[in-house]
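*Asks:* Would you mind keeping the following structure in view while I ask a few things?
Bear in mind these aren't lab numbers, they're just calculated from the coordinates by the rules spelled out. Everything numeric here is computed off the predicted structure, so don't read it as measured data. In this analysis, Cβ positions are derived from the backbone assuming ideal geometry, glycine residues included, and neighbour counts consider all displayed protein chains.
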Amino acid sequence: MTINFITHFFFFVFFLYTFPATCQDSDLETDCTNKWIHIRHLPPQFNLDLLSNCSAYPLFDNFCPYLANHGLGQKTHNKSHSWYRTDPFMLELVFHRRMLEYPCLTSDPTHANAVYVPYYGGLDSLKYLFGPEVNSSFQHGLDLYDFLVHVDSPNIWSRNYGHDHFMVMARPAWDFNQPLNSDPLYFGTSFLELPEFYNVTALTHESRAYPWQEQAIPYPTSFHPPNLAFFESWVNRLRRSRRTTLMLFAGGGGISANPNVRRSIRLECENATSMSANGTGYEKLCEFVDCSNGICQHDPIRFMKPMLQASFCLQPPGDTPTRRSTFDGILAGCIPVFFEDLSAKKQYGWHLPEEKYEEFSVSIPKEDVVFKGLSIVDVLTSIPRAQVKRMREKVLEMLPRVMYRKQGSSLGLRSKKDAFDIAIEGTLERIKSRLQEVAAQ
């Protein structure tokens, strides 16, 4: 591990164990009614020790560089105030750090409306996905359950049998739904299949089509402003940006000969480069940013500059229905184009309400593109420019809801609810509803 990482790591350890258990922000007159959260104290094997193993899984990646700045990663350049090389798998760490600033923490679990479990389940899954315990993936989470139920204050769990507990698992839920009796084993663990955790709310990058335990929350992007001035400066830049490209696709895939929406997008984009944009109001009809092999993941400059010049950002499904690029595009003021409802509409209801989608996004059925030859360019150029302008304004309105502001941000910026704030609100409401259902039985 590098000296820089060790410094950040031990500072984080110090911060976790010296921050008071009950926190009130003296700058905010917070009404904590029905908002109290208790943080369970876990031994480091469930969180901090997992960070020290950041270079132990070469088949996955060496994620040591991305632990800096409490999981935001290193700055994109030395003078940057808001932009970081953020790895989406560090969301557990980012969320934990933000929880320590939550103004309605209580050290008394009997007074809490919800209980946060600071377990880094996505990082702990690496030993089952890429490490020595690949054949024991059905055991993922059992040691945590034993600790919560039998070792550490069992009455906290037994009070509501886990219905009031929640945690963050920074991977798609698909990676945790391997059937317990699967033979042969396939990629994933069985954490969400364990009856022991059926009552716990898991906040994941993506949810399954018919989720029970989990709720999808936005992938973290690279934009983490520390104050209102930097946030508003960015939004003003988005408003001034000249959108000279009709549509953009930043991603990989689509090179297979088999019919699929990514292949159709790449072919149409290649053909569009030779087509005239005269009469469309754009200089270019389509731009393709090749992000194959993860080359864009920690280098936001590669895709953010082209996104700033595009009116529409195409967001086709890939290995999973959703893409981090969806949220990168919104941060760039680029109107998202979805090809199936599960890509966002059926997952991120807390952050991007279903009834708002027609106002800020375009939906084109992937079957029409792949099998009926529907032209994406024709669909998008048929949208009146005045409507495009209104949609972009709606995207900018939604922008704070999908960003994770920097920890310790200014009071002014904290007045705008970000992805973390909305996730906590949704979790509290979900747990309240679940407890009412249990009480009624």
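*Asks:* Test of understanding: what is the full-extension gain from Val438 to Phe130, defined as 0.36 nm times their sequence separation minus their Cα-Cα distance?
*Replies:* 107.1 nm
*Asks:* Looking at the stretch 363-432, I'd like the Rg to Rh ratio, where Rg is from alpha-carbon atoms and Rh is Kirkwood's inverse mean 1/r.
*Replies:* 1.19
*Asks:* How much of the pair distance distribution for the stretch 161-291 lies past 25 Å, counting alpha-carbon pairs only, in percent?
*Replies:* Of the Cα pairs, 57 percent sit more than 25 Å apart.
*Asks:* Let me ask you something else. How large is the dipole of the stretch 162-274 about the Cα centre if only Lys and Arg carry +1 and Asp and Glu carry -1, each at its Cβ, rounded to the nearest 20 debye?
*Replies:* 940 debye
*Asks:* Along its three principal axes, how long is the stretch 134-193 when you only count alpha carbons? Whole Å, largest extent first please.
*Replies:* 38, 20, 15
*Asks:* What does the extension gain come out to for Leu185 and Ala229, with contour length at 0.36 nm per residue minus their alpha carbon separation?
*Replies:* Net length gain for the segment: 10.8 nm.
*Asks:* If you add up the charges near Tyr198, with Lys and Arg at +1 and Asp and Glu at -1, over every other residue whose beta carbon is less than 12 angstrom from its beta carbon, what do you get?
*Replies:* In short, -2.
*Asks:* Could I ask something else about it? Report the one residue of Thr33, His77, Ser311 whose Cα lies farthest in the direction of the positive end of the charge dipole of the chain (charges on C-beta: Lys and Arg +1, Asp and Glu -1; origin at the Cα centre).
*Replies:* So the residue furthest toward the plus end is Ser311.
*Asks:* Expected output is a single nm value to one decimal: the length gained when fully extending between Glu101 and His77, i.e. 0.36 nm times separation in residues minus the C-alpha distance. What is it?
*Replies:* Taking 0.36 nm per residue and subtracting the Cα distance, the gain is 6.0 nm.
*Asks:* Sticking with this one: What pairs in Lys79/Lys284; Lys79/Lys305; Lys345/Lys417; Lys305/Lys346 have C-alpha atoms more than 24 Å from each other?
*Replies:* Where the Cα-Cα span goes over 24 Å, the pairs concerned are Lys79/Lys284; Lys305/Lys346.
*Asks:* Sticking with this one: Of the listed peptides 267-276, 195-204, 56-65, what is their order by residue-averaged count of other C-beta atoms within 10 Å, with the highest listed first?
*Replies:* Highest-to-lowest ranking by the protection proxy: 195-204, 56-65, 267-276.
*Asks:* Express the Stokes-Einstein translational diffusion coefficient of the chain in µm² s⁻¹, to the nearest whole number, given a Kirkwood radius over alpha-carbon pairs, 37 °C and a viscosity of 0.692 mPa s.
*Replies:* Here the translational diffusion coefficient equals 143 µm²/s.
*Asks:* Then there is this: Would you calculate, for the chain, the mean residue ellipticity at 222 nm contributed by helices, counting each DSSP H stretch of 4 or more residues as -39,500 (n - 2.57) and dividing by all residues, to the nearest 500?
*Replies:* That comes out to -9500 deg cm²/dmol.
*Asks:* Whole-Hz Karplus ³J(HN,Hα) for the stretch 365-374, in order, using 6.51 cos²θ - 1.76 cosθ + 1.60 and θ = phi - 60°, x for Gly and Pro?
*Replies:* 3J(HN,Hα) across the stretch 365-374, in whole Hz: x, 4, 5, 5, 6, 6, 10, 10, x, 4.
*Asks:* Farthest toward the dipole's positive end in the chain, which of Gly254, Gly333, His298, given Cβ charges of +1 (Lys, Arg) and -1 (Asp, Glu) about the Cα centre?
*Replies:* Working it through, the farthest residue towards the positive pole turns out to be Gly333.
*Asks:* Computed FRET efficiency, Cβ-Cβ of Val151 and Asn236, R0 51 Å: what is it to the nearest 0.05?
*Replies:* E(calc), rounded to 0.05, equals 0.45.
*Asks:* Label points 7 Å out from Cα along the Cβ direction at Asn278 and Tyr161: separation in nm?
*Replies:* In this crude spin-label approximation the distance works out to 7.2 nm.
*Asks:* Please state, to two decimals, what the Cα-based radius of gyration of the stretch 101-228 comes to when divided by 2.2 N^0.38 Å (N = residues).
*Replies:* 1.14
*Asks:* Would you please give the residues with an amide H less than 5 Å from that of Asn227, counting only those at least 5 places away or on a separate chain, with H modeled from the backbone geometry?
*Replies:* Under 5 Å from the amide H of Asn227 lie the amide H atoms of Ser410, each far enough along the sequence or on another chain.
*Asks:* Here's something else I'd like to know. Note down the Stokes-Einstein diffusion coefficient of the stretch 245-341 in µm²/s, whole number, using a Kirkwood radius over alpha carbon pairs, 37 °C, and 0.692 mPa s.
*Replies:* After rounding, the answer is 241 µm²/s.
*Asks:* Still on this structure, please answer the following. If you add up the charges near Gly373, with Lys and Arg at +1 and Asp and Glu at -1, over every other residue whose beta carbon is less than 12 angstrom from its beta carbon, what do you get?
*Replies:* Combined, the nearby Lys, Arg, Asp and Glu give -3.
*Asks:* What FRET efficiency would be calculated for the residue pair Tyr57, Lys346, taking the C-beta separation as r and a Förster radius of 25 Å, to the nearest 0.05?
*Replies:* Working from the Cβ atoms, E equals 0.20.
*Asks:* Rg over Rh of the stretch 20-176, using C-alpha atoms and the Kirkwood radius, what does it come to?
*Replies:* Rounded to two decimals, Rg/Rh equals 1.00.
*Asks:* Here's a follow-up. Suppose each label sits 7 Å from its Cα in the direction of the beta carbon; what would the Asp108-Thr244 distance come out to in nanometres?
*Replies:* The two pseudo-label positions are separated by 6.3 nm.
*Asks:* Given Cα pairs under 8 Å that are at least 6 residues apart, what percent is the relative contact order of the chain?
*Replies:* It rounds to 15 percent for the chain.
*Asks:* Within the chain, what percent of beta bridges assigned by DSSP are antiparallel, to the nearest 5?
*Replies:* If I count the DSSP bridges inside the chain, around 5 percent turn out antiparallel.
*Asks:* Plugging the Kirkwood radius over Cα pairs into Stokes-Einstein for the stretch 301-441, at a temperature of 25 °C and a viscosity of 0.890 mPa s, what D comes out in µm²/s?
*Replies:* Estimated via Stokes-Einstein, D reaches 146 µm²/s.
*Asks:* If you average 1/r across every pair of different Cα atoms in the stretch 301-378 and take the reciprocal, what Kirkwood value do you get, in Å?
*Replies:* In the stretch 301-378 this quantity evaluates to 13.0 Å.
*Asks:* Using a 10 angstrom cutoff on alpha carbons, build the Gaussian network for the chain and name the most mobile of Glu355, Glu340, Glu232.
*Replies:* Comparing Glu355, Glu340, Glu232 in a Gaussian network model of the chain, the most mobile one is Glu355.
*Asks:* Give me the percent of Cα-Cα pairs in the stretch 173-221 that sit more than 16 Å apart, rounded to a whole number.
*Replies:* 39 percent
*Asks:* Counting only other residues whose beta carbon sits under 12 Å from that of Glu232, what net charge do I get with K and R as +1, D and E as -1?
*Replies:* Counting the neighbours of Glu232, the net charge comes to +3.
*Asks:* Determine the dipole magnitude for the chain: charges of +1 sit on the beta-carbon of Lys and Arg, -1 on that of Asp and Glu, nothing else is charged, the reference point is the Cα centre, and the result goes in debye to the nearest 20.
*Replies:* 1700 debye
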